[in-house]
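Okay, structure first, notes after.
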Amino acid sequence: MQRNLEKLKTRQFDVVIVGGGIYGVCCAWDAALRGLSVALVDKNDFGSATSSNSLKIIHGGLRYLQHADFRRMRESITERKNLMRIAPHLVAPLPCIIPTYGHGIKGKEVMAVALAINDLVGFDRNGLPDPQKHMPRGRVVSREDCLKIVPGIDENELTGGAIWYDCQVRNSERLLLSFLHSATRAGAVAANYVEMTGFCIEKNRVTGVKVRDNINGTDFDIHGRLVINNCGPWLNTILMNLNGHTPKKKYKMSAAMNLVVRKKLFPEFAVGISSKTEFRDQDALIDKGSRLFFITPWRDYSLIGTTHVQYEGDASDFTITEADIRTFIDEINAAYPPANLKREDVCFFYGGLLPEDEYPVTEGDVRLLKSYKIIDHSLDGGLDGLLSVVSVKYTTARDVAEKTVDRALSKLGRKQVSSTTSLTPVFGGEIEHVSNYLTKEKARAFAGLNDESIEHLIMNYGSEYPAVARYISENE
Ligand SMILES: Cc1cc2nc3c(=O)[nH]c(=O)nc-3n(C[C@H](O)[C@H](O)[C@H](O)COP(=O)(O)OP(=O)(O)OC[C@H]3O[C@@H](n4cnc5c(N)ncnc54)[C@H](O)[C@@H]3O)c2cc1C
């Protein structure tokens, strides 16, 4: 993939997408496959902001049951299956467990009902031809079985454990780049290190964006019939450039953080552990009074997340301090003492900003925005020719992109062509049965690679792995 700034400068595009996180790249692919001409720019590396900070869980949305939000559960369950279908090498089932306590809201009985409803709402979660993608039903297990999976957990009033399946994206950065390759293969013109600095505005209409090439410092305009703001945490920042048409409503951002630790605390399961810090979810039907941390196995490590704290500054100033890391370690050790984490166990930490809900919260608490938003600024008293997307989850980025492009087609007065991104394999995703493909390719020993290398390449680059293998042998 090459930056082609000449094309960006000289063409008139149907849509200009600003922001190449997971939302922007999915939108570029969906729009290009539906016949729109697309420009996509990011001021930095593609996927370098929030999208490279996820806990890598593709959520089926079990926790939305707390809010009886079945629509969002359906969206998430459907997306989970779509991602397994279109990126089979990168997305696979992950068993999850939460220990149950007493016979009330955190008890086995309530969780058994929750799991049954979850299975009912996800009645069509299976059906992909690859047996590796099978999502078993949820189930509750005994206290003894729970202790085998989560040894050393607080045993006071422990009654058992609730087990269900979600998915993990093994390499979320690679998945984002696969969407990006798919978009450019479908005709989108994409360039990184191109920063939007302003809007082109003519007669109360946005007609493109002013940009700066952050590599050589030149300024130019990109012309488009519609601009889509996919800037994640910079959503508000770029809307400041609307010359007196800045929307009154601003989305407040909160900071979220994860740790990568050298210990594989649980080899197989993602384990949900209640924090000892109190948290009240005032609009939940079932308020459990604490946040859940997830400790998930990932390669030879554990990923631990997620803390949420309020954030006041500019999106570009977000950093994680040593104090943040130590506080998080203390919280994990308080919630699960056998973890016994020390600072030197943490080999990586990362975080990003997520939009908060408007609901008034007690000081210090964070209530995340629950659902994405697609804002048509012309309906908001603002300028025409501009859509903004408020993103909340990696999991549903493709689905939101599909809905954004539906909106774009109607704004552009184009015929509604159905989206095909839920059925079309991403770049590298042409694999029907992952284990059969691995066996076949290992037997072929492409480019003289050993089994381990072939497996590693396939699990990251999928069916496109020979291009990487060839590159390696040509550039030893
Ligand atoms: C700690 C943490 C854990 C998470 N865990 C999960 C999880 O397990 N599962 C899940 O589903 N979701 C998870 N999420 C949420 C998910 O990561 C985000 O919802 C998603 O990545 C947002 O993507 P985005 O494309 O909107 O934003 P971003 O990835 O931030 O992309 C926005 C892009 O816009 C670019 N940009 C900004 N301004 C400009 C400009 N002026 N010109 C050009 N480009 C610009 C930026 O460089 C950036 O690349 C997590 C989030 C965090 C922070």
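The values are calculated or read from the model by the stated rules, or taken from the named source; none is laboratory data. Not measured: the values here are computed from a predicted model. As a convention, Cβ positions derive from the backbone with ideal geometry for all residues, glycine included, and neighbour counts pool all protein chains shown. Ligands, DNA and RNA are excluded from the accessible area calculation, which covers all protein heavy atoms including side chains. Shrake-Rupley method; radii C 1.70, N 1.55, O 1.52, S 1.80 Å.
Quick rundown of the values:
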{"item": "Residues with amide H under 5 Å from that of Thr307, placed H, sequence gap 5 or more", "result": "Met257"}
{"item": "Folded to 0 to 90 degrees: helix 108-121 orientation relative to the chain principal axis, Cα", "result": "40 degrees"}
{"item": "Residues whose placed amide H lies under 5 Å from that of Phe13, excluding near-sequence neighbours", "result": "His223, Gly224, Arg225"}
{"item": "Gyration tensor (alpha-carbon) shape descriptor, segment 326-456, a/c threshold 1.5", "result": "oblate"}
{"item": "Percent breakdown of C-alpha pair distances by 10 Å bin, ordered from the shortest bin, for the chain", "result": "4, 19, 29, 27, 16, 5, 1"}
{"item": "Mean projection area, nm², convex hull over Cα of segment 130-214", "result": "12.7 nm²"}
{"item": "Gain on full stretching of the segment that runs from Arg407 to Lys250 - 0.36 nm per residue minus C-alpha separation", "result": "54.4 nm"}
{"item": "Backbone HN-Hα couplings from phi across segment 13-18 [Karplus 6.51/-1.76/1.60, Hz, Gly and Pro as x]", "result": "9, 5, 10, 10, 9, 9"}
{"item": "Of all DSSP beta bridges in the chain, antiparallel share, percent nearest 5", "result": "75 percent"}
{"item": "Most to least packed among 65-75, 51-61, 18-28, 224-234 [average Cβ atoms within 10 Å]", "result": "18-28, 224-234, 51-61, 65-75"}
{"item": "Nearest-10 value in Å² for the accessible area of Lys263, using the 1.4 Å probe", "result": "60 Å²"}
{"item": "Fully extended contour minus Cα-Cα distance, from Asp451 to Asp330, at 0.36 nm per residue", "result": "39.5 nm"}
{"item": "Cβ-derived FRET efficiency at R0 22 Å, Ser371 paired with Ala116, nearest 0.05", "result": "0.35"}
{"item": "Rule-of-thumb Rg ratio for segment 408-469 [Cα; 2.2 N^0.38 Å; N residues]", "result": "1.63"}
{"item": "The chain - accessible surface per residue (Å², probe 1.4 Å)", "result": "44 Å²"}
{"item": "Using θ = phi - 60° and Karplus 6.51 cos²θ - 1.76 cosθ + 1.60, couplings along segment 372-381 (whole Hz; Gly, Pro as x)", "result": "4, 9, 10, 9, 9, 5, 5, 8, 10, x"}
{"item": "In Å², nearest 10: area of Glu144 left accessible to a 1.4 Å probe", "result": "110 Å²"}
{"item": "Value of relative contact order over the chain, rounded to a whole percent, pairs C-alpha under 8 Å and six or more apart", "result": "22 percent"}
{"item": "Pairwise FRET efficiency - Asn204 versus Arg262, Cβ, R0 = 60 Å, nearest 0.05", "result": "0.60"}
{"item": "Most to least accessible of Lys411, Lys276 (protein chains only, probe 1.4 Å)", "result": "Lys276, Lys411"}
{"item": "Degrees between helix 465-474 axis and first principal axis of the chain (Cα, 0 to 90, nearest 10)", "result": "70 degrees"}
{"item": "Most positive-pole-ward Cα, Cys146, Asn340, Gly21, against dipole of the chain from beta carbon charges", "result": "Gly21"}
{"item": "Helix 70-86 vs. the chain, principal-axis angle (Cα, 0 to 90°, nearest 10)", "result": "80 degrees"}
{"item": "Two-site label geometry, Asp384 and Tyr471: point separation in nm, points 7 Å out along Cα→Cβ", "result": "4.4 nm"}
{"item": "Given charges at beta-carbon only (K, R positive; D, E negative), |dipole| of segment 115-230 in Debye", "result": "520 debye"}
{"item": "Shape parameters for segment 23-110, alpha-carbon atoms, Rg then Dmax in Å", "result": "17.8, 57"}
{"item": "For Asp357, residues with placed amide H under 5 Å, excluding near neighbours", "result": "Arg367, Leu368, Leu369"}
{"item": "Cα-centre dipole for the chain with unit charges at Cβ (Lys and Arg positive, Asp and Glu negative), debye to 20", "result": "1100 debye"}
{"item": "Additional length obtainable on full extension of the chain from Gln66 to Val417, 0.36 nm per residue less Cα span", "result": "122.8 nm"}
{"item": "Solvent-accessible area, 1.4 Å probe, carbon plus sulfur percent, for the chain", "result": "51 percent"}
{"item": "Rough spin-label spacing in nm, given labels placed 7 Å along Cα→Cβ, for Phe220 and Glu322", "result": "4.6 nm"}
{"item": "Distance between modelled label sites at Lys276 and Glu6, nm, 7 Å Cα→Cβ extension", "result": "6.4 nm"}
{"item": "Paramagnetic label zone (point 7 Å from Cα along Cα-to-C-beta, Asn241; backbone N under 12 Å) in segment 185-201", "result": "194-201"}
